[in-house]
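**Q** Sending over a structure as structure tokens; questions will come in a sec.
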């Protein structure tokens, strides 16, 4: 196997060396070992499977700053600022209850309760708009492009699972 001079550990950021703040304009500022970086973008490496771990940090020019393996090891203020930044990017309410579901002309209509309040969803193309994942979770995308997470779909009534193609 050819050694390319890089390994996973080379990209890891030390949570003890990271501090987050906001600029006057409200943008995220990341300090790594005392060196300040403005305009940093954050991305989840595994947004569905491990949303609370493996956060990538990228500079304004697109260059990788590094990867934070476990954000829970950050100080409380930095954890809060990182959570706020990720929530801006990854708005994905969780469907907590399905009150009503029906299908008409290939469009599924659902009255649901979400972690962000009640919603009426319209879903076209079940095969492309509902994607099952591990641990009985699924990503649901409505006709407006909004994404919702459905957890424990195996506990739904059989007819609901059939309509949703699960």
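**Q** Which is in contact with a strand residue (DSSP E or B) (Cβ under 9 Å, 6 or more places away or on another chain), under 30 Å from residue 20 (Cα atoms) and either touching a residue at least 60 places away in the same chain (Cβ under 8 Å) or not assigned by TED's automatic domain parsing to the domain that holds residue 34 (or both), of 116, 131, 124, 120?
**A** After ruling out the rest, the residue left standing is 116.
**Q** Among the residues of the range 71-84, is any outside the structural domain of residue 18 (by TED's automatic domain parsing), surrounded by 15 or more Cβ atoms within 10 Å (Cβ to Cβ), under 18 Å from the mean Cα position of the chain (by Cα) and within 25 Å of residue 53 (Cα to Cα)? First the steps, then the outcome.
**A** First, the residues of the range 71-84 that are outside the structural domain of residue 18 (by TED's automatic domain parsing): none.
No, every residue in the range 71-84 fails to be outside the structural domain of residue 18 (by TED's automatic domain parsing), surrounded by 15 or more Cβ atoms within 10 Å (Cβ to Cβ), under 18 Å from the mean Cα position of the chain (by Cα) and within 25 Å of residue 53 (Cα to Cα).
**Q** If we keep just the residues of the range 50-67 that are surrounded by 16 or more Cβ atoms within 10 Å (Cβ to Cβ) and within 15 Å of residue 37 (Cα to Cα), which is nearest to the chain's Cα centre (by Cα)?
**A** It comes out as 56.
Every residue, every condition in (1) modelled with pLDDT under 90; (2) surrounded by 16 or more Cβ atoms within 10 Å (Cβ to Cβ), yes or no:
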site: 90; (1), (2): yes, no
site: 94; (1), (2): no, no
site: 108; (1), (2): no, yes
site: 118; (1), (2): no, no
site: 125; (1), (2): yes, no
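**Q** Filter the range 16-49 down to the residues that are closer than 12 Å to residue 71 by Cα, within 21 Å of the chain's Cα centre (by Cα) and in contact (Cβ under 8 Å) with a residue 60 or more places away in the chain and list them by number.
**A** Once the filter is applied, which keeps residues that are closer than 12 Å to residue 71 by Cα, within 21 Å of the chain's Cα centre (by Cα) and in contact (Cβ under 8 Å) with a residue 60 or more places away in the chain, the range 16-49 yields only 20.
**Q** Can you name the strands (runs of 3 or more DSSP E) wholly within the range 104-166 that have at least 3 residues being within 18 Å of the chain's Cα centre (by Cα)?
**A** So the answer is 130-133, 137-141, 147-151.
The values are calculated or read from the model by the stated rules, or taken from the named source; none is laboratory data. Note that the structure is a prediction, hence the values are computed from the model and not measured. Note that each Cβ is placed from the backbone with ideal geometry, even for glycine, and that neighbours are counted across all protein chains shown.
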